[in-house]
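Peer 1: Before anything else, here's the structure in question.
The values are calculated or read from the model by the stated rules, or taken from the named source; none is laboratory data. None of these values were measured; they are calculated from a predicted model. With ideal geometry, Cβ positions are generated from the backbone for all residues, glycine too; neighbour counts draw on all protein chains shown.
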Amino acid sequence: MSKEETSEILVSFWGVRGSIPTSPEPSEYDDKLYNILKNCSSENLQNDKSIKQYITGLPAEMKQFVGFNTSCVYVSIEGKHIIFDAGSGIRRLGNMLMKREFGSGDGEAHIFLSHTHWDHIMGFPFFAPSYHSGNNITIYGVHNGLEQRISNQQEDEYYPISLSAMGAVIDFFQLRKEEAYDLDGIWITNKMLNHPGGSFGYRIDYQNKSIVYATDSEYKHIGPDRYATFVDFFKNADILIFDAQFTIEESLEKENWGHSTSLQGVDFAAEANVKHLLFFHHDPSYSDQKIQTILQEASDYRKTKYPDKQIRLSIAREGLELKL
Ligand SMILES: [Zn+2]
Ligand SMILES: [Zn+2]
């Protein structure tokens, strides 16, 4: 097989919440347990082995939560480690990377920040590879003063260890607005989204595969010309990770908060011919059950409005891994 046929892209989710990390309400544990026990038969409980097999075989949505960490998505291409956002989810990603070449100081990570709202950078001080000398971490972004913004949160008023004392080589690279960047043959384009303070989406194009990470954006009142530029940015994406923080009802109440709905994601995905649309940046107050209604609303809407379009719809959940 040629190199092209064997290359694989892995996309995994480490933080899927918006705004602030959260934790489940006690009643949510009860709901999970209820469903697991209801689904169980006496055969599943015969011995240790059958219990373990039963647990292993349960679908992720039944035994796990959607997740409580803020934005962090990892993309691995040809041994390159690309990370979108450094929300609280980057802490566990860092621990995983430390078991690989980062643990011996031989790692190189590329972190692309959508913007510097707290939920997208708060995990960086807890990213273990940054403390190991020999590792190289490059932080990319479009905003001015990126280094200052990141180092500010590690001033001693807020955190005990400064950015310069972390150990690894940490470089900053300011991307030009809406210009493609060549990361050794992996093309990464940014696009300004519609969000207070500005947020940028990223699109990876590599060997006819494309992944779009577009979080923290509201698409109301943007006018048809600008709308078309978003359709263009999402065009033919294999994976579109889309800010669907609000239900429709809540999006009406929270106009200009800078977030959108799963239905808007479906419209874009249909128009842009997206294969797999993932709803992301879940509201911290939403239970798994409520997040499930976001998927249901989107699925019903797709069937009614675009009956001929095959779009795979999913909830972005911590631990989800996709291969392209
Ligand atoms: Zn956010
Ligand atoms: Zn934001």
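Peer 1: How many residues, within region 8-63, are under 22 Å from the mean Cα position of the chain (by Cα), in contact (Cβ under 8 Å) with a residue 12 or more places away in the chain and closer than 25 Å to Leu277 by Cα? Step through it out loud before you land on a result.
Peer 2: The initial filter retains those residues of region 8-63 that are under 22 Å from the mean Cα position of the chain (by Cα), namely 8-24, 59-63.
With the extra rule that they be in contact (Cβ under 8 Å) with a residue 12 or more places away in the chain, the set shrinks to 8-24, 60-63.
Still in the running and closer than 25 Å to Leu277 by Cα: 8-22, 60-63.
Of the residues in that region, 19 qualify.
Peer 1: Something else now. Please determine whether any residue of region 132-146 is touching a Pro at 6+ places or on another chain (Cβ under 6 Å), of a type outside the set (S, T, N, Q) and away from ligand 1 (no atom under 16 Å from the Cβ). Steps first, please.
Peer 2: Applying the first criterion (touching a Pro at 6+ places or on another chain (Cβ under 6 Å)) to region 132-146 yields 135.
Pick out the ones that are also of a type outside the set (S, T, N, Q) and you get none.
No, there is no match, as no residue in region 132-146 is touching a Pro at 6+ places or on another chain (Cβ under 6 Å), of a type outside the set (S, T, N, Q) and away from ligand 1 (no atom under 16 Å from the Cβ).
Peer 1: Now, a different point. Quick one: is Glu179 within 23 Å of the chain's Cα centre (by Cα), in a loop (DSSP other than H, G, I, E, B) and among the charged types (D, E, K, R)? Give the derivation first.
Peer 2: Working: within 23 Å of the chain's Cα centre (by Cα): yes; in a loop (DSSP other than H, G, I, E, B): yes; among the charged types (D, E, K, R): yes.
Answer is yes for this residue.
Peer 1: Kindly provide the set of residues from region 182-198 that are on the phi > 0 side of the Ramachandran plot and either within 16 Å of ligand 2 (Cβ to nearest atom) or touching a His at 6+ places or on another chain (Cβ under 6 Å) (or both), ordered by number.
Peer 2: If we filter region 182-198 for residues that are on the phi > 0 side of the Ramachandran plot, which is where we start, we get 184-185, 197-198.
Those that are on the phi > 0 side of the Ramachandran plot and either within 16 Å of ligand 2 (Cβ to nearest atom) or touching a His at 6+ places or on another chain (Cβ under 6 Å) (or both): Gly197, Gly198.
Peer 1: Would you be able to say whether some residue in region 148-171 is away from ligand 1 (no atom under 16 Å from the Cβ) and within 20 Å of Val75 (Cα to Cα)?
Peer 2: Yes, because at least one residue in region 148-171 is away from ligand 1 (no atom under 16 Å from the Cβ) and within 20 Å of Val75 (Cα to Cα).
Peer 1: On the given criteria, is Asp106 within 16 Å of ligand 2 (Cβ to nearest atom) and closer than 21 Å to Val169 by Cα? Can you show your working first?
Peer 2: On the way: within 16 Å of ligand 2 (Cβ to nearest atom): no; closer than 21 Å to Val169 by Cα: yes.
The answer is no for Asp106.
Peer 1: If I ask for residues that are of a type in the set (Asp, Glu) and either farther than 21 Å from Leu295 by Cβ or assigned to a strand (DSSP E or B) (or both), which ones from region 40-95 would you list?
Peer 2: Quick first cut of region 40-95, residues of a type in the set (Asp, Glu) only: 43, 48, 61, 78, 85.
If the condition is that a residue be of a type in the set (Asp, Glu) and either farther than 21 Å from Leu295 by Cβ or assigned to a strand (DSSP E or B) (or both), then Glu43, Asp48, Glu78, Asp85 are the ones that fit.
Peer 1: Another one. Given (1) within 16 Å of ligand 2 (Cβ to nearest atom); (2) surrounded by 14 or more Cβ atoms within 10 Å (Cβ to Cβ); (3) not β-branched (Val, Ile, Thr); (4) not in a helix (DSSP H, G or I), identify the lone condition not met by Ser251.
Peer 2: Every condition holds for Ser251 apart from (4).
Peer 1: Condition test on Phe230, is it more than 16 Å from ligand 2 (Cβ to nearest atom), in contact with a Lys or Arg (Cβ under 8 Å, 6 or more places away or on another chain) and not charged (D, E, K, R)? Walk me through how you get there before you give the answer.
Peer 2: Working: more than 16 Å from ligand 2 (Cβ to nearest atom): yes; in contact with a Lys or Arg (Cβ under 8 Å, 6 or more places away or on another chain): yes; not charged (D, E, K, R): yes.
It is true that Phe230 is more than 16 Å from ligand 2 (Cβ to nearest atom), in contact with a Lys or Arg (Cβ under 8 Å, 6 or more places away or on another chain) and not charged (D, E, K, R).
Peer 1: What about Glu218, is it in a loop (DSSP other than H, G, I, E, B) and over 20 Å from the mean Cα position of the chain (by Cα)?
Peer 2: Details: in a loop (DSSP other than H, G, I, E, B): yes; over 20 Å from the mean Cα position of the chain (by Cα): no.
The answer is no for Glu218.
Peer 1: Scan region 268-285 for residues that are outside any helix (DSSP H, G or I), more than 17 Å from the chain's Cα centre (by Cα) and farther than 10 Å from Ile311 by Cβ and report the count.
Peer 2: Total meeting the criteria: 1.
Peer 1: Okay, moving on. For residues that are part of a loop (DSSP other than H, G, I, E, B) and either modelled with pLDDT of 95 or more or more than 29 Å from Ile211 (Cβ to Cβ) (or both), tally how many sit in region 1-18. Step through it out loud before you land on a result.
Peer 2: Step one: list which residues in region 1-18 are part of a loop (DSSP other than H, G, I, E, B), which gives 1-2, 7-8, 16, 18.
Add one more test, that the residue is either modelled with pLDDT of 95 or more or more than 29 Å from Ile211 (Cβ to Cβ) (or both), and what stays is 16, 18.
Summing the residues that are part of a loop (DSSP other than H, G, I, E, B) and either modelled with pLDDT of 95 or more or more than 29 Å from Ile211 (Cβ to Cβ) (or both) in region 1-18 gives 2.
Peer 1: Quick one: in region 223-246, of everything that is of a type in the set (Phe, Trp, Tyr) and assigned to a helix (DSSP H, G or I), which residue is surrounded by the fewest Cβ atoms within 10 Å (Cβ to Cβ)? Full working, then the answer.
Peer 2: To start, the set of residues in region 223-246 that are of a type in the set (Phe, Trp, Tyr) comprises 227, 230, 233-234, 242, 246.
Next, from what is left, pick out any that are assigned to a helix (DSSP H, G or I): 227, 230, 233-234.
Values: Tyr227: 14, Phe230: 22, Phe233: 22, Phe234: 24.
Here the answer is Tyr227.
Peer 1: Here is a follow-up. Inspect all residues belonging to region 115-126 and state whether any of them is more than 30 Å from Gln292 (Cβ to Cβ), within 16 Å of ligand 2 (Cβ to nearest atom), not in a loop (DSSP other than H, G, I, E, B) and not β-branched (Val, Ile, Thr). It would help to see each step written out before you state the result.
Peer 2: Quick first cut of region 115-126, residues more than 30 Å from Gln292 (Cβ to Cβ) only: 116, 124-125.
Then keep just the ones that are within 16 Å of ligand 2 (Cβ to nearest atom); that gives 116, 124.
Among the residues that remain, those that are also not in a loop (DSSP other than H, G, I, E, B) are: 124.
Of the ones still in play, those that are also not β-branched (Val, Ile, Thr) are 124.
So far as region 115-126 goes, yes, one or more of its residues are more than 30 Å from Gln292 (Cβ to Cβ), within 16 Å of ligand 2 (Cβ to nearest atom), not in a loop (DSSP other than H, G, I, E, B) and not β-branched (Val, Ile, Thr).
Peer 1: Scan region 182-235 for residues that are touching a residue at least 12 places away in the same chain (Cβ under 8 Å) and either within 22 Å of Ser12 (Cβ to Cβ) or acidic (Asp, Glu) (or both) and report the count.
Peer 2: So the count comes out to 28.
Peer 1: Return the only residue of Gly134, Gly103, Gly141 being out of contact with any Gly (no Cβ under 7 Å at 6 or more places or on another chain) and surrounded by fewer than 17 Cβ atoms within 10 Å (Cβ to Cβ). Write out each step before concluding.
Peer 2: On the way: Gly134 fails: out of contact with any Gly (no Cβ under 7 Å at 6 or more places or on another chain); Gly141 fails: surrounded by fewer than 17 Cβ atoms within 10 Å (Cβ to Cβ).
Answer to the check: Gly103.
Peer 1: With respect to Pro59, is the statement that it is of a type outside the set (A, V, I, L, M), more than 16 Å from ligand 2 (Cβ to nearest atom) and buried (at least 19 other Cβ atoms within 10 Å of the Cβ) true?
Peer 2: Numbers: of a type outside the set (A, V, I, L, M): yes; more than 16 Å from ligand 2 (Cβ to nearest atom): yes; buried (at least 19 other Cβ atoms within 10 Å of the Cβ): no.
Judged against the criteria, Pro59 is not a match.
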